[in-house]
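Structure below; questions to follow.
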Amino acid sequence: MPGHDTSQLQGRGAARTAVVWDALQEVLASTSSDARTPASVVDIGGGTGGFAVRVAELGHQVTVIDPSPDALAILARRAEENGVAGRVTAHQGDVASVAELVPAGSADVVLFHGVLEIVDDPADALAALAGVLRPGGVLSLLVNQRHAAVVARAMAGHFQQARTLLDGAAPEDHHPRRFTADEVATMLDRAGFESTAMHAVRVFVDLVPSSLVDHEPGAAAALVELERAVADRPEYLPLGTQLHVLARRR
Ligand SMILES: C[S@@+](CC[C@H](N)C(=O)[O-])C[C@H]1O[C@@H](n2cnc3c(N)ncnc32)[C@H](O)[C@@H]1O
């Protein structure tokens, strides 16, 4: 079964990304028509390439689009160091310019991780993502989830901020946005996507002290397994710091 490779990340890093990586590996395995055909993957807002380089290491072709030249420089170095520079193409740009950088309907998989929260217009962004995906192609969307943030603010004693977030506004009425599962499902449907899976991400890892995870023998691996165990349970969706959604372009 794919998806249980956390060799490149350890401790809290693995616990933060394992659920998304598991799901992504399954998508990539099912997207290629056979094991030797690489998928065409576009990582928009891919930053320093934490996911892009790992996807390229599986043999897929990855195009990263990001407005930050610093992030792209780190991505280039990381791709080189990991021997996948030939499979990673980087463009400086943003989600609004994606149609100029990637042929319409060409991507098998689009990653949009941690970006919907900060774009000018989420509906326009999702429409742009739909434009580069082929029909049947898959969007991997990772967003901040609102309910967990309400709990985190309250636990930190920021009760006013928690109350404001509860009603949907960002704490000081600025970015980043936070979404509920229903809001994401509605936006995706309007943009021409069919949601196929939703996962709770980082249900526990942000709540436990790092000293416990990083220094107790076996704790990090046990935490990763716990995160995996709750990711598909609907009752845990509102407790995830993030929500990971897989959605197929209709
Ligand atoms: C929170 S980071 C996420 C990075 C990466 N996707 C990940 O999951 O590790 C957000 C990234 O989005 C990029 N970004 C900011 N505004 C953007 C936009 N309008 N379109 C595309 N990317 C954007 C930033 O430069 C940054 O690299």
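No value in this document is a laboratory result; all are computed from the given coordinates. Remember, predicted model here, so these are calculated numbers, not experimental data. When we count neighbours, we look across all protein chains shown, and the Cβ atoms used for this are built from the backbone with ideal geometry, even at glycine.
Enumerate the helices in the chain for which the Kyte-Doolittle hydropathy averages 0.5 or more and the C-alpha atoms extend at least 15 Å along the helix's axis, using complete DSSP H runs.
Span-like helices, by this rule, are 122-132, 219-231.
If you take every residue apart from Ala154 with its C-beta less than 15 Å away from the C-beta of Ala154, what net charge results, scoring Lys and Arg +1 and Asp and Glu -1?
+2
What is the order of Met198, Met155, fewest Cβ neighbours within 10 Å to most? Could you put the intermediate results ahead of the total?
Values: Met198 21, Met155 10.
Neighbour counts put them in this order, fewest first: Met155, Met198.
Another question, if that's okay. Can you give me the Cα centroid spacing of segment 198-231 and segment 123-157 in angstrom?
21 Å
Do the sum for the chain: with -39,500 (n - 2.57) for every DSSP H run of n ≥ 4, divided by all residues, what is the mean residue ellipticity at 222 nm, to the nearest 500 deg cm²/dmol?
Dividing the helical sum by the residues of the chain leaves -12000 deg cm²/dmol.
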